[in-house]
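So the structure is just underneath, and the comments pick up after that.
Taken together, the values in this text are just the output of simple stated rules run on the coordinates, not laboratory data. Keep in mind that this is a model prediction, so the values were computed, not measured. Glycine gets a Cβ as well: all are built from the backbone with ideal geometry, and neighbour counts include every protein chain shown.
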Amino acid sequence: MSALSDGGAVRAVRSLGPTSRRAVSSTSWPRGRSRMGATIHRSFAYRLHPTAAQAERLRQWIGATRFVYNLCLEQRRDFWRQYRRQTGRHLTWAQQSQEVSELRRQVDWLADVPRDALERALRDLDAAYRAFFAGRNGYPHPRVKDARGVIQFISRDLAVKRLNARWSAIRLPKIGWVKFRDTRELRGRWLSVAVSHYAGQWRVSLAHEIARAVSTPVQSSVGIDRGVTVFAALSTGELIDGPNVGRKAAASLATAQRRLARKKKGSNNRRKARLRVARLQARVAAARKDFLHKISTGLAKSHGVVVLEDLKVRNMTASARGTVETPGRNVRAKSGLNRAILDQGWGMFRQMLAYKLEERGGYLLTVNPKDTSRTCSACGVVDADSRDGTRFACRACGHDAHADHNAAINILRRGTPLVPVELASAFNEAGTAIADADSPPRPLQKRTAPQPPSRDNAGGGG
């Protein structure tokens with residue numbers, strides 16, 4: 001690689017021509033394998049409060065990792081054929097990592113960034129390509145400046161100290177101690193740290209490896225039917241209303257987006273309007289996440305087995321617009337339904353339930369959703385005409401119940417044969433049936449959604 005100046009860094013890497021995936025914890029466990037004594041990976045997020053100088057340096061580092069990511073994406077996209085002709089090998093993150101190391105020795109503002117942060121960007125790009133070739137995602141896109149910025153570090157140069165009852169500080173490489181709002185106790189072995197910036201807020205996420213506590217799960221099981229009118233109906237008879245935070249904030253968000261569209265591109269007023277939209281969206285996301293954390297934590301604490309329908313949310317929220325040749329029907333109504341489904345956060349709810357049950361030795365089971373809302377929980381007859389809105393009145397046996405409660409009982413009954421043997425035996429020894437769906441259901445109870453968090457506590461979790 002020839003000598004480079006700061007301004008020639010882009011041209012140099014592009015001229016080379018020839019020249020990971022983020023670690024997440026598993027949300028399921030292989031059947032027939034003991035989970036006793038295993039370790040689990042958990043990430044804890046906190047509000048970070050850097051000084052002005054620290055924030056400026058973190059922004060520069062985020063920009064440098066974005067530069068490396070986009071540059072290596074362009075290299076893979078435009079020069080992979082030339083590289084394969086000259087070397088006979090595929091262009092991977094390992095070769096690009098060597099070139100980035102060479103570039104850091106010649107470009108001062110890249111040398112200022114910790115090496116592991118740049119390598120993490122390369123591994124993220126490699127993970128994006130792997131997901132694309134596996135058919136899970138589309139082709140990788142360049143990272144843009146105005147989106148959420150993230151920089152990651154490994155744990156060898158990191159430390160945390162307690163300042164007082166509410167505040168702690170984390171030592172970041174080349175920056176020093178940075179204050180953060182300490183809302184929960186850290187535990188386990190450190191793996192990595194990610195610092196992110198979005199909507200004017202800094203956050204730090206600490207990934208830990210935690211030893212699983214050996215405990216007997218709660219001897220109770222429940223089936224849950226997720227919906228839009230009612231967020232979750234439990235087989236015990238409880239109905240949980242959703243927060244619908246997106247619908248409540250739709251008017252304010254639409255107004256902010258219209259004002260943003262009228263601002264001149266590149267102006268300070270447009271930057272302020274864009275920040276206003278981002279903050280509204282972040283507040284909606286934090287309120288939804290807070291609600292899901294509270295509901296999922298309560299269910300994981302009170303039940304050892306939770307059964308859900310295996311819903312394909314991506315397919316359910318696909319657009320009905322169609323094509324020019326075959327235009328869609330009821331596009332506006334389907335669009336509204338899609339927004340309502342996504343506003344509930346079904347996918348995030350399932351993920352939260354999975355890892356919280358796993359922590360406590362419980363299980364999350366999923367069953368085929370076919371005809372769960374059309375089947376009578378009393379006699380088993382499948383009849384679509386038996387359901388009328390929120391009521392289910394079986395035309396065969398006369399059974400009358402709330403439609404979502406009836407579906408939740410069917411979901412629980414379908415999941416009962418899937419309960420692991422060791423958990424079923426523990427329940428039987430205690431004299432508690434895993435699922436006694438034939439017993440009379442408890443009276444319906446209405447639970448309202450928890451209130452959205454305040455600004456100071458937005459984004460908390462369980």
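Values computed for the structure shown
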| read-out | value |
| --- | --- |
| The range 221-447: antiparallel DSSP beta bridges as a percent of all, rounded to 5 | 50 |
| Protection proxy ranking of 199-211, 139-151 - average other beta-carbon atoms within 10 Å, highest first | 199-211, 139-151 |
| In nm, spacing of pseudo-spin labels at A211 and E185 (7 Å Cα→C-beta vector) | 1.5 |
| C-alpha center-to-center spacing [the range 330-376, the range 102-176] in angstrom | 32 |
| Proximal charge balance of R414 [Cβ under 13 Å; K/R count +1, D/E count -1] | -2 |
| Lys pairs under 17 Å by Cα in the range 221-447, provided they are eight or more residues apart or on distinct chains | 9 |
| Estimated inter-spin distance, A318 and D371, nm [label 7 Å along Cα→Cβ] | 2.4 |
| Distance in nm between pseudo-label sites at N268 and R391 (7 Å out along the Cβ direction from Cα) | 6.3 |
| Protection-proxy order for peptides 224-230, 90-96, each taking the mean of Cβ atoms within 10 Å per residue, highest first | 224-230, 90-96 |
| Among 337-350, 180-193, the order from most to least packed when residues are scored by Cβ within 10 Å on average | 337-350, 180-193 |
| Förster radius 35 Å - calculated FRET efficiency between A384 and Q257 (Cβ-Cβ, nearest 0.05) | 0.30 |
